[in-house]
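See structure below.
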Amino acid sequence: MSNDATATPAPERTPTAASAAVPIRSIGRSHAASIQAHLLALTPHDRYLRFGYAANDEQIARYVDKLNFGRDELFGIFNRKLELIAMAHLAYSIDPSCASCAEFGVSVSKSARGRGYGRRLFERAVMHARNEGVSQLFIHALSENTAMLRIARKAGASIEREGPEAEAHLRLPPADFDSRVTELIDEQLALTNYQLKAQAKNFWDALALLQEIRQGVRDSRDRMK
């Protein structure tokens, strides 16, 4: 393996106004259907980059079924239709000798590319990992997944390549008051944003149904004339 960068602690970065405005919330078992729909909508190449192999529909369904929502942490970004357009999986190590380690994986829908969602999900996962006592974060990616490796490298990760695969190692600083408070605020803002989107969606769905009923009544009247 060749080392592309020297391991350094994750630098403290202040999010820009644009990036801070991205609502990222924790997602659980109740969102399993949304997770599966998001992953199934990925192109074959995107599935290849996300999982390291060309996952078919059945393999994706098994992946979602085996998600351990009680142990791991998942984060999501939703659009106005409450469709999951980007998600991250922070998987904690089950090896007792690596109890303070976790692995990060991310996927972004094609329609949501170029908005920095992958980076924002990474920053959100890093903050949560720190607050949970994780000291080392791993990212296993294909060498051609330059977007993910670029995010890891900018965060200060060391990257080792071996053939078509790469492994990024990022040492995390311990949690502090700022990281804990920031995560609480970010999560509450994301939940509020989600609730507002849900209310708006329910309103427009009800309005569309009402308009459909009215149109049906008009059509019936026209036929009776």
Whole-angstrom gap from the range 179-213 to the range 40-105, using each part's C-alpha centre: 23 Å
Estimated vicinal HN-Hα couplings, Hz - the range 74-82 in sequence order (Karplus 6.51, -1.76, 1.60; Gly, Pro = x): 10, 10, x, 10, 10, 8, 5, 8, 6
Additional length obtainable on full extension of the chain from residue 113 to residue 54, 0.36 nm per residue less Cα span: 19.2 nm
Distance in nm between pseudo-label sites at residue 79 and residue 196 (7 Å out along the Cβ direction from Cα): 1.9 nm
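What whole-number volume per residue, in cubic angstrom, does the convex hull of the C-alpha atoms of the range 74-225 give?
Working: hull volume 23.1 nm³, N = 152.
It comes to 152 Å³ per residue, whole-number rounded.
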Protein accessible area in the range 41-191, 1.4 Å probe - carbon and sulfur %: 53 percent
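Compute the FRET efficiency between residue 97 and residue 165 as 1/(1 + (r/R0)^6), taking r as their Cβ-Cβ distance and R0 = 22 Å, and round to the nearest 0.05. Can you show the working numbers first?
Values: r = 23 Å, r/R0 = 1.03.
That gives a FRET efficiency of 0.45.
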Gain in span if fully extended, residue 33 to residue 136, counting 0.36 nm per residue against the direct Cα distance: 34.0 nm
Prolate/oblate/rounded label for the range 38-156 (Cα gyration tensor, a/c 1.5): rounded
Sequence-distant aspartates and glutamates (8 or more away, or on other chains) whose Cα lies within less than 15 Å of residue 154: 4, 12, 123, 167
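The values are calculated or read from the model by the stated rules, or taken from the named source; none is laboratory data. Model, not experiment: these values are computed from the prediction. As a convention, Cβ positions derive from the backbone with ideal geometry for all residues, glycine included, and neighbour counts pool all protein chains shown. Surface accessibility is based on the protein's heavy atoms, side chains included, excluding ligands, DNA and RNA. Shrake-Rupley method; radii C 1.70, N 1.55, O 1.52, S 1.80 Å.
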